[in-house]
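Here the structure is laid out as structure tokens; the discussion comes afterwards.
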Amino acid sequence: MYHIALCDDENSVLNFYRDLINSLAKKNGWQIDIRVFSSEKNFMLYLDKNPFSFDLIVFDILLGNANGVEIAKQVREKNDVVQIIFLTTSKDFALSSFAANPFYYLVKNQDEEKFEQVLNNVFKHIGNNSNDLFVYQKVNTTFSIPIKTIKYFENFGREVLIVMDDLENISFYDGFNSLEKRLKPGHFARISRSQIVNFSYIYKVSASQVFLRTGETLKMSVHFRETFEKAFSHFLLGE
């Protein structure tokens, strides 16, 4: 499922593009979820708490008195993988918008065929990069976050804690054995009954400890040492 944020300060525009995206999704068989925002304040408040909630953000280049490009730059500071489409009534902002690394720039009320083509390209791009994301479910909602932001997973009974790098930690319910099996091969390994670590954050390993470049020291169980060392060696050799 593709999670989309639609941001515009005009309700008529929000309604038009929400209906258009839903219509195109039905036509093309896309599974989507759309959340609309009529002000940059409400959008940023939501994003602060849910930085990786969206696969695609469709912005008005001007949101009230705010500059959509500047808002998009703030988004990039929180999430550098989300796709962005800018909408505007003028081409004057086209050059400056590229500072926020948008996927595309569209003038409002262009033909629907063009909008459909752009959405199709966005979803193909997201699909091609889906292996770089970790997907989890919480309260019947599917979320995805970049693997590179995950330091390690920690198990607390049926609850799993995702310990993040410079972001608020995330908790969800899953079996730890099941989680281990569906993680991207070659990027993670289990070091104890309750922890699975991301290789990219390791800078030193001893017989009983794993040291992360972010300062944490994790204990490694004897039971998992052999399989961890083998997997980590393959990672270091690029195999």
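Every number in this text was worked out from the coordinates using simple rules, so none of it is lab data. Just so you know, these numbers come straight off a predicted model, no measurement behind them. All Cβ positions, even for glycine, are placed from backbone atoms using ideal geometry, and neighbour counts span all protein chains on display.
Whole Å is fine, so just give me how far the alpha carbon centre of the range 190-219 lies from that of the range 112-179.
If we compute the Cα centre of each part, the gap is 22 Å.
Determine the calculated [θ] at 222 nm for the chain from helices alone, applying -39500 (n - 2.57) to every DSSP H run no shorter than 4 residues and normalising by the residue count; nearest 500 deg cm²/dmol.
-10500 deg cm²/dmol
Any chance you could give the angle, 0 to 90 degrees and rounded to 10, that helix 68-78 forms with the longest Cα principal axis of the chain?
Helix 68-78 sits roughly 10 degrees off the main axis of the chain.
Please list the equivalent ellipsoid semi-axes of the chain, computed as the square roots of five times the alpha-carbon gyration tensor eigenvalues, in descending order and whole angstrom.
Those come to 40, 18, 16 Å.
I want the local charge near Leu87. Using Cβ-Cβ distances under 10 Å, sum +1 for each Lys or Arg and -1 for each Asp or Glu among the other residues.
-1
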